[in-house]
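Worksheet: one structure, shown below.
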Amino acid sequence: MTDNTAADNGLPEILPSPAPLPVPPGLPAHLRDLTDRARNYVEAASSANTRKAYASDWRHFSAWCRRQNLSPLPPDPLVVGLYITACASGSDGVTAGRRGLKGSSVSTIERRLSAICWNYVQRGQKLDRKDRAIATVLAGIRNRHAAPPLQKDAILPEDLIAMLETLDRGTLRGLRDRAMLLLGFAGGLRRSEIVGLDCGRDQTEDGRGWIEVLDKGLLLTLRGKTGWREVEVGRGSSDTTCPVYAVETWIKFAKIIKGPLFRRVRGQGKDVGPDRLNDQEIARLVKRTALAAGVRGDLTEGERAQKFSGHSLRAGLASSAEVDERHVQKQLGHASAEMTRKYQRRRDRFRVNLTKAAGL
C-alpha cells in the first residue's frame, strides 16, 4: 500500500471507455487505418451502459481510497479487501457515521469488485481476485450478509388487460404505451430491447433491433445480451389485446416512417418527436399502470410499487405461456434452460406435489 493518491500520481480516476490498443512505433501507413478500426472494435467490446456503471463504481472506489490516504493504483489486494469490508459494514464514506443504515448489498459489492477488475485490465494491470485478502473477505461477506434474491412480480394476462384499460386510447401517449406493454409482454422483451427497436433495419446508430410486419405477426430482430436473435410475435385473438395491431395503430397515428419505433410524445400530447424513449420509461409505465389497475391490491401502495418493474412483463410471458419450455427459452433469449425455469416460477409453483406423491 502507499499513501499517495491517484491524483498525486497524475493518474486518471475513471476510465469511461476501454483503453485503446497500443500502436507499435513505426507502423506502416497502410496499417494505420486498421489500427483505427481496431480502436472502434475495442470500444464495441462493452456496452455504453456497462462502461458508465463501471466508471461510477471506479469513482466510488477512488474516492474511498482518497479518504483513507491510499492509492487505487497499482492494484493491491489488501486495499481492495479493505474497501469491500468498508462497503459491507457501511463505513465506505456514504453511510459512515449515520446510525441505522446498512452497508451495501452483496450484489452491489460483487458488481463493484468486477468494475475494479475491469478498470485495472483496461490499464494493462491485473488484480488477483483469488488473493486471500479479497477471496476470504468476500466469502465471509456472502455468508454474513447474503439475502434471498428479490424478484419482481410477474404481470399475468389478467393483470395486463386491467392495466391496458387505464390507458386513454384516444391519445397518442395512450396508443404508444398500449403498444409498448403488449409488445413487451408478448415478446418477452427486456426494457432496453423495447425502446431500442427501429421501424426497419440499419436506420439508426443507437438501435438495438428492428421490426418487420408480416401477415401472421411481427418479426423482431434483436441484439441482446446473448447476441442477435429473432423473436416472433403472433397476432392476438382480438384487436384489444393484439400486440401487432397495437404497434400498427401506434405507427399509423404517430405517422412514423423510419427511425426509432417508440418516441416521446410532446406538444401537450399532440405531436411525436424524433427522440427515442429512455428504457426507464418502461419501468415507470409498468409501475404506474399496475398501481392504477389495482394489481396486488392486497398490499400497500408502497409495497406494490416495489413489486413491479419493466422486468415484470418478461416474467409474465414465461409464467403464463403453457408451451414447451424450449419455446419460452428461445423467445426470451436465455442461454440456459435453468434461467428460463426461474422465470416460470409462478406457473410451475406446486404443479408437482411431492407430499402427495409420497403417499401423504
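Every number in this text was worked out from the coordinates using simple rules, so none of it is lab data. As the structure is a computational prediction, the values presented were derived from the model and not from experiment. Methodologically, a virtual Cβ is constructed for each residue, glycine included, from the backbone with ideal geometry; neighbour enumeration extends over all protein chains shown.
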Checklist outcome for this item: Plugging the Cβ-Cβ distance of Ser91 and Asp298 into 1/(1 + (r/R0)^6) at R0 = 35 Å yields, to the nearest 0.05, a FRET efficiency of 0.35
Item to check | Percent of alpha-carbon pairs separated by more than 19 Å within the stretch 29-145 | outcome: 52 percent
Checklist entry - Which order do Ser47, Ser104, Ser89 fall in if you start with the one that has the fewest other Cβ atoms within 10 Å? => result Ser47, Ser89, Ser104
Checklist entry - If each residue's Cβ is checked for other Cβ atoms within 10 Å, how do Val286, Val295 rank with the fewest at the top? => result Val295, Val286
Checklist entry - Which of Ala290, Leu277, Thr300 sits farthest toward the positive end of the charge dipole of the stretch 261-318, with +1 on the Cβ of Lys and Arg and -1 on the Cβ of Asp and Glu? => result Leu277
Checklist outcome for this item: Straight-line reach check, Lys152, cutoff 29 Å on alpha carbons, 8 or more apart in-chain or any other chain, hits among lysines -> Lys52, Lys102, Lys225, Lys287, Lys307, Lys330, Lys342
Checklist entry - Does the stretch 118-261 come out rounded, prolate or oblate, given a ≥ b ≥ c as the square roots of the eigenvalues of its C-alpha gyration tensor, rounded meaning a/c under 1.5 and, failing that, prolate meaning a/b above b/c? => result prolate
Checklist entry - Simple spin-label model, 7 Å along Cα-to-Cβ: Lys52 to Lys126 in nm? => result 3.2 nm
Checklist entry - Residue farthest toward the positive end of the dipole of the stretch 132-226, with Cβ of Lys/Arg at +1 and Asp/Glu at -1: which of Leu222, Val195, Leu150? => result Leu150
